[in-house]
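A short worksheet on the structure shown next.
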Amino acid sequence: MRMGTTLIHSGYDYDKNTGALGTPVFQTSTFARLNIDEKQEYDYARSGNPTRKALEETIARLEGGALLEARGYAFSSGIAAIASALSIFSAGDHIITAEDIYGGSYRLFNTFFKRWGLEYTAVDASSLDAVKAALKPATKALFLETPSNPLLKIVDLRPCFDFAREHNLISIVDNTFMTPYLQRPLELGCDIVVHSATKFLGGHSDVIHGLAVTRNEELGRRVYAVQNSFGAVPGPWDVFLVLRGIKTLKVRMEESQKTALAVARFLRGHKSVRAVYYPGLDGHPGKEIHEKQASGGGAVLSFKTDTVERARAFLSRVKLAAAAVSLGGVETIASYPVLMSHASVPPAERKRLGITDTLIRISCGLEDAADLITDFNDALE
Ligand SMILES: *Cc1c(COP(=O)(O)O)cnc(C)c1O
């Protein structure tokens with residue numbers, strides 16, 4: 001089956017008891033034992049819930065493709081999914097991370113897990129040599145994100161996974177920007193994929209949710225142990241919203257990325273724009289690598305204005321894009337990384353990474369591209 005079909009028929013077609021096409025929302029904390037002597041699949045909803053299971057099987061199939069052992073796990077947020085995946089490691093373990101990851105992941109590594117004795121080294125992961133140079137005897141994992149946030153830098157995934165395998169590292173990829181519709185790291189050799197389903201998978205800016213998918217059952221058991229012990233599980237209504245969002249992922253991604261390319265081309269031609277970052281744009285560094293491992297540029301782009309004043313004015317004048325954090329919704333969102341997603345990254349570090357106060361990130365929604373471009377043009381004047 002092709003991806004568009006799998007998105008609709010990903011394991012849960014209808015309720016076997018009633019024929020309902022909508023996934024039943026099991027709003028329950030506990031399940032009666034039908035036979036007191038027999039263990040059954042569901043006993044307590046932190047450990048398992050049928051609504052959640054429908055989503056977990058769906059994401060496993062979408063990310064895992066032909067990998068029949070792929071296992072999915074749902075969490076109460078993207079960060080909970082990432083934190084839970086990282087919780088399979090122990091104090092003293094060392095992790096190599098890409099340096100321009102999601103700001104909240106940076107904070108998780110840099111403040112939270114540091115206190116728990118997890119060491120990490122952040123490198124420019126678009127250079128395989130830099131990744132290799134960070135290897136230590138205690139290194140246990142490689143944590144990547146591509147395209148990166150917010151500068152859409154590209155990491156060549158396959159050689160990184162080969163390197164990880166060679167050294168027994170568990171490779172983890174945050175696939176939030178691409179979704180399995182455009183990029184499936186497990187198929188390229190990755191061990192664990194994590195998601196903020198708050199973004200494109202949910203797709204409607206109405207839910208906070210996270211997912212993790214492991215390439216095999218053994219890793220799945222380790223992540224499940226954290227899911228059940230740490231307990232950052234989602235409620236069934238949020239799961240339902242993500243399941244519903246996934247059904248329209250194809251049409252949303254196709255339309256939004258078409259708009260993203262049109263907006264990127266418009267911005268590149270604008271006299272007050274100094275740089276445009278979009279993996280689908282000719283000349284974007286790593287575009288060829290991206291096209292080898294993903295089937296589209298996605299719906300997120302960034303650009304730099306000529307002055308700080310113009311960037312700020314753009315955010316207050318723009319009408320069709322909410323000046324807000326987050327991305328991946330049906331509404332276009334313009335965010336200002338220095339004050340929003342990357343506010344927790346120290347200024348000196350931001351400067352080194354090129355996250356300037358002239359940088360604006362756009363997540364294209366489903367408005368007509370022509371209207372967005374007119375609006376952006378007005379806001380840039
Ligand atoms: C939003 C986001 C996260 C965090 O997810 P939450 O659902 O907000 O907890 C992680 N990674 C990326 C790339 C994100 O965009």
- Starting from residues that are over 23 Å from the mean Cα position of the chain (by Cα) and in a helix (DSSP H, G or I), keep the ones in region 103-129 and report whichever is farthest from ALA85 (Cα to Cα). ASP129
- Kindly indicate whether any position in region 57-67 is within 16 Å of the ligand (Cβ to nearest atom) and under 19 Å from CYS190 (Cβ atoms). yes
- Query: Across region 331-361, what is the number of residues that are β-branched (Val, Ile, Thr), farther than 16 Å from GLY103 by Cα and part of a strand (DSSP E or B)?
  - Reply: 1
- Query: Where in region 204-270 are the helices (runs of 4 or more DSSP H), entirely inside, with at least 3 residues that are within 17 Å of the chain's Cα centre (by Cα)?
  - Reply: 236-247, 249-268
- Query: Do you know which of the residues in region 122-162 that are of a type in the set (Gly, Ala, Ser) and in contact (Cβ under 8 Å) with a residue 40 or more places away in the chain is nearest to SER363 (Cα to Cα)?
  - Reply: SER148
- Message: I'd like the residue in region 72-94 that is crowded, with 24+ Cβ neighbours inside 10 Å and more than 11 Å from the ligand (Cβ to nearest atom) and, out of all such residues, is farthest from ARG46 (Cα to Cα).
- Response: LEU86
- Query: Do we have any residue at all in region 330-345 that's over 24 Å from HIS204 (Cα atoms) and out of contact with any helix residue (DSSP H, G or I) (no Cβ under 8 Å at 6 or more places or on another chain)?
  - Reply: no
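So that you can scan it fast, the table gives a plain yes or no per residue for (1) away from the ligand (no atom under 16 Å from the Cβ); (2) at pLDDT below 95; (3) among the β-branched types (Val, Ile, Thr):
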site: PHE303; (1), (2), (3): yes, no, no
site: ALA313; (1), (2), (3): yes, no, no
site: LYS319; (1), (2), (3): yes, no, no
site: ALA324; (1), (2), (3): no, yes, no
site: GLU331; (1), (2), (3): no, no, no
site: ALA334; (1), (2), (3): no, no, no
site: PRO337; (1), (2), (3): no, yes, no
site: SER344; (1), (2), (3): no, yes, no
- Note on the structure: The correct count of residues that are among the aliphatic types (A, V, I, L, M) and more than 20 Å from the chain's Cα centre (by Cα) in region 354-381 is 7
- Message: I'd like to know if region 19-42 contains one or more residues that are in contact with a Ser or Thr (Cβ under 9 Å, 6 or more places away or on another chain) and within 16 Å of the ligand (Cβ to nearest atom).
- Response: no
- Could you tell me which of the residues THR214, THR198, THR176 is within 29 Å of LEU152 (Cβ to Cβ), in the same structural domain as PRO50 (by TED's automatic domain parsing) and away from the ligand (no atom under 15 Å from the Cβ)? THR214
- For region 95-116 the number of residues that are within 10 Å of the ligand (Cβ to nearest atom) and within 13 Å of LEU142 (Cβ to Cβ) is 1
- When SER29 is run through (1) modelled with pLDDT of 95 or more; (2) surrounded by 15 or more Cβ atoms within 10 Å (Cβ to Cβ), the failure sits at (2)
- Note on the structure: Checked SER171, SER205 against criteria (over 21 Å from LEU108 (Cα atoms) and either away from the ligand (no atom under 15 Å from the Cβ) or not acidic (Asp, Glu) (or both)); the one match is SER205
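The values are calculated or read from the model by the stated rules, or taken from the named source; none is laboratory data. Computed from a prediction, not measured in an experiment: that's the story for all the values here. Positions of Cβ are generated from backbone atoms using ideal geometry, with glycine treated the same way; all protein chains shown enter the neighbour counts.
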